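Asks: Structure below; questions to follow.
The values are calculated or read from the model by the stated rules, or taken from the named source; none is laboratory data. From a predicted model like this one, the values you see are computed outputs, not experimental measurements. Backbone-built Cβ (ideal geometry, glycine too); neighbour counts: all protein chains shown. Just the protein is used for accessible areas: all its heavy atoms, side chains included, with ligands, DNA and RNA removed. Shrake-Rupley method; radii C 1.70, N 1.55, O 1.52, S 1.80 Å.
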Amino acid sequence: MIDNMPDLNLVRLFVAMVESRNLSAAAVRCGMTRSNMSHRLKRLELDLGAQLFRRTTRHVELTQAGQLLYQHGIRLLDEMRAVQAAIDSLDGAVRGDVRIRLPTGLGHLYLAPVLLEFARAHPDISLRVHINDGIGDLISAEVDMALKITSSPPEDHVARRVCGIQWCLCASPAFLAENEPVQKMEHLGRCDLITPQSLGRRFDLRLKQEHGDPLILRVTPRLQSGDYPFLRDAVLAGLGVALLPRYAVWEQLRDQELLEVLPEFEPEGVGDAIYLLTAPNRFPSMATRVLADFIREHIERHVQDWTSLRSRAAGRDAAGNGVSVLRSD
């Protein structure tokens, strides 16, 4: 009978408990007291006639019944959100809330204005934007989607490749004029280097060449930061040779505010592709899918600007020889 069905609001609270890891955090997330959350959990267990959590002296874990309820509960809640979004969109407008996390470099240097453009184009979609490099678990972080630059996308999320990322070594004309020419890889060893902090205080800089194995140079950068706008400002100020993704400096390279160093090599950076991540057990809402498509289309229109002249020439040669060049996303 329908009277025996569990209260959907209690199921929503139960899912919040599981994803928040503990009752206190779940209470904060749901805006109620811990005792109220505990009372509602007991009511749900009585309605179902099953224990959902197994409490030990050290931790709390889901019972088999709790695991089943969580698996079906998140799908049920996703379906209800999808139904509500579909109803709200009957007049042709997409509505909803989207929580997105962006890496600092891509977020500050490229995607921030893209999101503002999206907000203007979709006034019925509310955005909550986090710009930091700590992706973590999307469910516990309450994030619907995230972008990540990496060479190894996380296996516990759904990862869709958006495009490749190239890195380059660059410096200001003033720095290159005031210092000895950098014509060989070993010349980098006497330069002040500017690099992302995530590479480590001392690391092996790998330079790929068109033919042969990569060349490796052990380096200790002078300036490091996780703030990519700071790194770009540092190299523009003539403080050294910077290792940066091309999306961060392509305009400065075009305008010759920065010049490439050792352009015959392609250095390895923090990651070689942009991936769009979503939680594996969540069905993205219409608003989330619309935002994901908007970002992907915008990046695809501009990704050629982030490609080295050598790669563009290789692409033209391949096309001229009748070779199909396919995007592997």
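Asks: For the peptides 41-51, 235-245, 260-270, what is the packing order when you average, over each peptide's residues, the other Cβ atoms within 10 Å and list the highest mean first?
Replies: 235-245, 260-270, 41-51
Asks: Right, here's the next one. Normalised by the number of residues in the stretch 127-235, what is the relative contact order in percent for Cα pairs under 8 Å and 6+ residues apart?
Replies: 20 percent
Asks: Return one whole number: the accessible area per residue of the chain in Å², for a 1.4 Å probe.
Replies: On a per-residue basis, the chain sits at 55 Å².
Asks: Give me the tail of P(r) for the stretch 218-265 as a percent: Cα-Cα pairs with distance above 17 Å.
Replies: 31 percent
Asks: Just name one of GLY96, VAL182, LEU106: the one whose Cα is farthest towards the positive end of the charge dipole of the chain (beta-carbon charges, Lys/Arg +1, Asp/Glu -1).
Replies: Farthest along the dipole direction, towards plus: GLY96.
Asks: Principal axis extents for the chain, Cα atoms only, whole Å, descending order, please.
Replies: Computed over the chain, the largest-to-smallest principal extents equal 80, 51, 35 Å.
Asks: Please report the relative contact order for the chain, taking Cα pairs under 8 Å with a sequence separation of at least 6, and give it as a percent rounded to a whole number.
Replies: Averaging sequence separation for qualifying contacts and normalising by length gives 21 percent for the chain.
Asks: Which peptide among 22-31, 193-202 comes first, and what is the full order, when sorted by highest mean count of other Cβ atoms within 10 Å?
Replies: 193-202, 22-31
Asks: Let me ask another. Apply the Karplus curve 6.51 cos²θ - 1.76 cosθ + 1.60, θ = phi - 60°, to the phi angles in the stretch 175-191 and return the couplings in whole Hz, x for Gly and Pro.
Replies: In residue order, the calculated couplings are 4, 5, 6, 8, 10, 5, x, 9, 10, 10, 4, 5, 5, 4, x, 9, 9 Hz.
Asks: Taking a cut-off of 21 Å between Cα atoms, list the lysines near LYS208, but don't count ones fewer than 8 places away on the same chain.
Replies: Correct list for LYS208: LYS184.
Asks: How large is the helix-only mean residue ellipticity at 222 nm for the chain, computed as the sum of -39500 (n - 2.57) over DSSP H runs with n ≥ 4, divided by its residue count, in deg cm²/dmol to the nearest 500?
Replies: Calculated at 222 nm, the ellipticity per residue is -12000 deg cm²/dmol.
Asks: Under a 5 Å amide H to amide H cut-off, with H placed in plane at 1.01 Å, what residues pair with PHE53 once short-range neighbours are removed?
Replies: THR63
Asks: Also, I was wondering about something else. In whole percent, how big is the carbon plus sulfur part of the accessible area of the chain, probe 1.4 Å, protein atoms only?
Replies: Answer for the chain: carbon and sulfur cover 50 percent of the accessible area.
Asks: Could you pull out every one of the aspartates and glutamates with an alpha carbon less than 15 Å from that of LYS42, ignoring same-chain neighbours closer than 8 positions?
Replies: Cα-Cα hits under 15 Å: ASP7.
Asks: Determine which aspartates and glutamates satisfy two conditions relative to LYS148: a Cα distance under 19 Å, and not lying fewer than 8 residues away in the same chain.
Replies: Excluding near neighbours in sequence, the set is ASP133, ASP137, ASP156, ASP227, GLU268, ASP272, ASP293, GLU297, GLU300, ASP329.
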